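Below is one structure; the comments refer to it alone.
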Amino acid sequence: MREKLQKIKEEAIRQIQDAADLGRLNDVRVAVLGKKGELTAVLKGMKDVAPTDRPAIGQLVNDTRESIEKMLEETKAKLEAAELEIKLKHEVIDVTLPAKKNKVGHRHPNTIALEEVERIFTGMGYEVVEGPEIEYDYYNFEALNIPANHPAKDEQDTFYINDKIVLRTQTSPVQVREMEKGKLPIRMIAPGRVFRSDEVDATHSPSFHQIEGLVIDRHITLADLKGTLAEFAKELFGADTKVKFRPHHFPFTEPSAEMDVTCFKCGGKGCRFCKDEGWIEILGCGMVHPRVLKMSGIDPETYTGFAFGIGLERIALLKYEIDDMRLLYENDQRFLNMF
């Protein structure tokens, strides 16, 4: 029994000295001192030892265990110190290096322009309403007094899902949906993404954004339209801004007009920005066509209204003097960080 204990001790010491890492050292501990280890097996065999020899053998087993445990702890401390030294060498922190700055996001130029427009109109008592981007042909065209044979419904101008469903070409369908609810009066703007089959260039994109407004109430006149949009232009571009209305044609309004504002760069004197004209076209507008009111269940003899449509990208391009619409969608941080 003594010889066996001596061999266990010598073999354990050899394995402890050869252990290259803490994992291997733990394996040695389990193999020698564990529940199924070699020393435990010796203790279980004590029943075969003569009663007179048991105290001496038991003491020898305890001494062997203590010496092995001591060597295990010493070796563990050395391995941990060595691992820590290696880790510190690899994870050294150079306190002289500049700190890494957190990149905090900010609003896109389109978002800034949209929030400004929404602030102006909600301040006038308008509500912001949204609708589906995939729309029925009826709401996108027919309910807006655009018949089946109208050029705007050509496949070259519109993205069709099928003969009854399109990607909306304007946010006017949201206005029709609100009128159909019959909750009058209405004062609303409808911002959102729209789609048209356009080639990408400095001023066109197959996907862009519009903000369309609608007012329906008793005794609404063209004077209300002009006053509202003049106030909007002053809030957006400055108190000295003047507006000019030019006759135009839209199927869903009658009479219709395009609205120009005085160039906020030169004050209307003429410059490169306004092509020496002194005026910049900004939106289309008009009085809601009686037929559109009828199709939405509103009596045109009792109620009248006006509507207008603004290109959000156009507002952003003008307000921030950007000369290429594509810059808004290229996600170039050098450009976006300017706002």
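Readers should treat all values here as calculations from the given coordinates under stated rules, not as data from a laboratory. Worth saying up front: this structure is predicted, and the values here are computed from it rather than measured. Note that each Cβ is placed from the backbone with ideal geometry, even for glycine, and that neighbours are counted across all protein chains shown.
Only Lys, Arg, Asp and Glu carry charge here, each on its Cβ (+1 for the first two, -1 for the last two); on that basis the chain has a dipole of about 1380 debye about its Cα centre. Here is the size of the chain from its Cα atoms: Rg then Dmax, 41.1, 124 Å.
Each Lys and Arg adds +1 at its Cβ and each Asp and Glu adds -1 at its Cβ; summed about the Cα centre, region 182-339 shows a dipole of about 320 debye. When the charge dipole of the chain is built from unit charges on Cβ atoms (+1 for Lys and Arg, -1 for Asp and Glu) and taken about the Cα centre, the candidate among Asn110, Ala233, Thr221 whose Cα reaches farthest toward its positive end is Asn110. Projecting the Cα positions of Asn26, Cys285, Met325 onto the charge dipole of the chain (unit charges on Cβ atoms of Lys, Arg, Asp and Glu, taken about the Cα centre) puts Asn26 furthest along the positive direction. Computed about the Cα centre, the dipole magnitude for region 93-215 is approximately 640 debye when only Lys and Arg (+1) and Asp and Glu (-1) carry charge, each at its Cβ. Label sites at Glu115 and Ile165, each approximated as a point 7 angstrom past Cα along Cα to Cβ, lie 3.5 nm apart. Shown here is the pair-distance distribution of region 214-339: with all Cα-Cα distances grouped in 10 Å bins from zero up to the longest one, the shares run 12, 36, 29, 17, 6, 0 percent.
Take each peptide in 78-85, 272-279, count the other Cβ atoms within 10 Å of every residue, and average; sorted highest first, the result is 272-279, 78-85.
Exposure proxy ranking for Ile189, Ile86, based on other Cβ atoms within 10 angstrom of each Cβ and starting from the fewest, stands as Ile86, Ile189.
Counting neighbouring beta carbons within 10 Å and listing from fewest to most, the residues Asp332, Asp157 come out as Asp332, Asp157.
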